[in-house]
Amino acid sequence: MTPVTFDDTTHEFLEAVENMSHAGLNRCWHCLACSGGCPFSRDMDVLPNAVIRMIQFGMKAQVLGCSTIWLCVGCNTCSVECPNAVDIAAIMDALRQTAIREGAPIAEPGILEFHNQVVDSISRHGRTHKLEIMMRYKLAERDLFSDIDLGLRMLSKRKLDLLPSKVSDKKAVQALFRLGGELS
Amino acid sequence: MKTIRYSYFPGCSLATTAKENNASLISFLGHFDMGLDEVKDWNCCGSSSTHSVNSGLALALASRNLFIAPEDRPLLVACPGCHLRLGQARIELAADEKKRRRVEQHFNREFRPPRLLHFFELLSKMGGDGLFNGLKGKLNGLKIAPYYGCMLARPPKMNREKNHHGLIEKTMASLGAQPLQWSYASRCCGTFLSVSRPRIASAQVNRIMAGAVRAGAECIVTACAMCHLNLEIRCDSSHRIPVFHFSEILSLALEGNASPDWFRRHLIDPAPLLARRNLSPCNP
């Protein structure tokens with residue numbers, strides 16, 4: 001592993017993450033409560049508290065490139081476990097959005113693709129249309145058959161609506177996308 | 001009795017995949033003369049996906065709902081995910097003057113959001129008012145695993161908000177079910193990983209299901225449509241027990257108040273369990 005060198009710019013990444021997330025990440029004392037409580041830490045390449053440590057060390061490329069920031073579903077279990085009320089889910093949001101904005105390599109492109117399909121569905125209807133999201137996601141991933149039995153069972157149980165539930169004021173929805181850009 | 005009316009935010013899941021949750025909620029509250037007025041032309045709450053990849057857009061989506069809902073009445077939100085997103089936006093806009101100004105300018109009026117009323121808060125009040133007193137024993141000793149998923153977990157900024165820990169147990173016990181202690185009551189269901197990383201979600205859901213079976217539960221009761229769906233679609237273990245939405249079970253306790261249609265939409269068939277426990281939906 002490459003040794004970490006500290007210089008005048010090491011803290012910049014930490015400050016950027018802190019400004020985006022307001023998470024109080026320097027309160028972390030690395031007790032590992034978040035990592036122990038996280039239901040998905042066994043599938044992550046870097047434990048949640050280690051992500052915080054790496055931010056403190058300025059290891060930007062490694063942090064933005066890890067799978068952890070994508071496997072985090074934002075369930076906030078870590079925040080409940082944390083004795084210092086560090087908003088770890090907010091840190092993960094900030095890291096994902098930094099990775100997207102700066103074009104960093106994405107460790108879990110399928111997960112990002114799914115999120116993008118959800119956002120696209122909202123831009124079309126103002127609400128999420130699950131069947132459309134699933135179909136477009138499967139097409140984008142070139143994986144049409146892995147869940148076909150499940151899809152058919154859900155359709156037969158009328159769990160998936162063929163037509164979307166929609167917002168009638170389409171212009172208002174488009175305006176929200178522009179407003180969102182200004183609120184980031 | 002005069003009908004009390006609440007304004008109501010169903011959210012995308014309850015409006016579509018989880019129609020049975022919506023129908024059972026309306027039916028249950030209707031029994032107690034409470035009516036719901038859906039917020040006209042509501043949009044997605046900001047969803048976990050949007051929040052993950054675009055916080056600004058998530059805030060904008062939530063804001064519109066907070067602006068178009070009538071400000072003079074509490075807004076009932078039945079989906080824990082929507083409640084969290086709308087609640088977070090409310091706090092963020094109250095605290096961040098610059099963002100608040102920007103959305104006020106966008107919607108061309110002052111930000112005066114309605115109070116958000118979690119379905120559990122309403123239920124807690126109904127129990128406190130003694131509305132369930134006549135319903136003792138109605139659930140015939142049904143053994144349930146109360147499942148909250150991540151709904152009791154919140155970001156630190158919301159630590160001071162109301163917490164509803166124990167409400168499923170309390171309500172179910174007062175209606176004559178037996179809520180069991182088990183290890184996975186607050187374990188996240190995996191949310192979107194069920195689509196994009198199904199193997200991870202399956203492993204998680206199987207652990208949750210096995211935990212409920214081991215505790216001796218006959219069914220799992222959840223208050224979240226996403227949890228409900230994930231437990232049903234991603235459990236590939238042969239030993240599966242039915243999953244109910246909280247409002248479905250509540251309606252079952254009110255004789256003749258539940259519709260058999262709700263239970264036909266379940267992917268894990270609850271009919272044999274309902275027959276065994278002599279709990280019939282029985283509304284033609």
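The values are calculated or read from the model by the stated rules, or taken from the named source; none is laboratory data. Owing to the predicted nature of the structure, the values given are computational and were not obtained by experimental measurement. Methodologically, a virtual Cβ is constructed for each residue, glycine included, from the backbone with ideal geometry; neighbour enumeration extends over all protein chains shown. Note: areas computed on protein heavy atoms with side chains; ligands, DNA, RNA excluded. Shrake-Rupley method; radii C 1.70, N 1.55, O 1.52, S 1.80 Å.
Being open to solvent by 20 Å² or more (accessible area, probe 1.4 Å) and in the same structural domain as A:Trp29 (by TED's automatic domain parsing): is that true of A:Ala85 here? So A:Ala85 passes the test. The set of residues from region B:11-39 being more than 9 Å from every other protein chain (Cβ to nearest Cβ) and under 24 Å from A:Ser168 (Cα atoms) comprises B:Leu14, B:Glu20, B:Asn21, B:Asn22, B:Ala23, B:Ile26, B:Gly35, B:Leu36, B:Asp37, B:Glu38, B:Val39.
As for region B:212-220, it holds at least one residue that is within 17 Å of the chain's Cα centre (by Cα) and either in the same structural domain as B:Pro146 (by TED's automatic domain parsing) or surrounded by fewer than 19 Cβ atoms within 10 Å (Cβ to Cβ) (or both).
Which is assigned to a helix (DSSP H, G or I), under 18 Å from B:Pro156 (Cα atoms) and open to solvent by less than 40 Å² (accessible area, probe 1.4 Å), of B:Ala89, B:Ala60? Let's see the steps before the verdict.
Working: B:Ala60 fails: under 18 Å from B:Pro156 (Cα atoms).
Within the list B:Ala89, B:Ala60, the selection yields B:Ala89.
Could you please let me know if B:Ile68 is open to solvent by 10 Å² or more (accessible area, probe 1.4 Å), closer than 21 Å to B:Arg160 by Cβ, β-branched (Val, Ile, Thr) and within 13 Å of chain A (Cβ to nearest Cβ)? Answer is no for this residue. Total residues in region A:89-133 satisfying the condition of being closer than 20 Å to B:Ile200 by Cβ, part of a helix (DSSP H, G or I) and facing another protein chain (nearest Cβ under 9 Å): the figure is 15.
How about region B:157-174: which of its residues are in a helix (DSSP H, G or I) and not β-branched (Val, Ile, Thr)? First the steps, then the outcome.
Here is the first cut: in region B:157-174, the residues in a helix (DSSP H, G or I) are B:157-158, B:167-174.
Correct list: B:Lys157, B:Met158, B:Leu167, B:Glu169, B:Lys170, B:Met172, B:Ala173, B:Ser174.
Taking (1) open to solvent by 70 Å² or more (accessible area, probe 1.4 Å); (2) not in a loop (DSSP other than H, G, I, E, B) in turn, A:Asp45 satisfies each apart from (2).
Annotation: of all residues in region B:113-150 being outside any helix (DSSP H, G or I) and either modelled with pLDDT under 90 or of a type in the set (D, E, K, R) (or both), the one that is nearest to the chain's Cα centre (by Cα) is B:Arg115.
Taken together, the residues in region A:134-184 that are part of a helix (DSSP H, G or I), within 30 Å of B:Phe263 (Cβ to Cβ), hydrophobic (A, V, I, L, M, F, W, C) and at the interface with chain B (Cβ under 10 Å from one of its Cβ atoms) amount to 3.
Quick one: is B:Met209 away from every other protein chain (no Cβ under 11 Å) and surrounded by 20 or more Cβ atoms within 10 Å (Cβ to Cβ)? Here the answer is yes, as B:Met209 does meet what is asked. The number of residues in region B:229-265 being in contact (Cβ under 8 Å) with a residue 40 or more places away in the chain, part of a loop (DSSP other than H, G, I, E, B) and within 13 Å of chain A (Cβ to nearest Cβ) comes to 1.
Taking (1) part of a helix (DSSP H, G or I); (2) touching a helix residue (DSSP H, G or I) at 6+ places or on another chain (Cβ under 6 Å) in turn, A:Asn84 satisfies each apart from (1). Which of the residues that make up region B:175-217 are closer than 30 Å to B:Ser124 by Cα, touching a residue at least 40 places away in the same chain (Cβ under 8 Å) and either among the polar types (S, T, N, Q) or in a helix (DSSP H, G or I) (or both)? Scanning region B:175-217 gives B:Thr191, B:Ile208, B:Gly211, B:Ala212. Counting the residues of region B:149-195 that are of a type in the set (Phe, Trp, Tyr) and either surrounded by fewer than 17 Cβ atoms within 10 Å (Cβ to Cβ) or more than 23 Å from B:Leu274 (Cβ to Cβ) (or both) gives 2.
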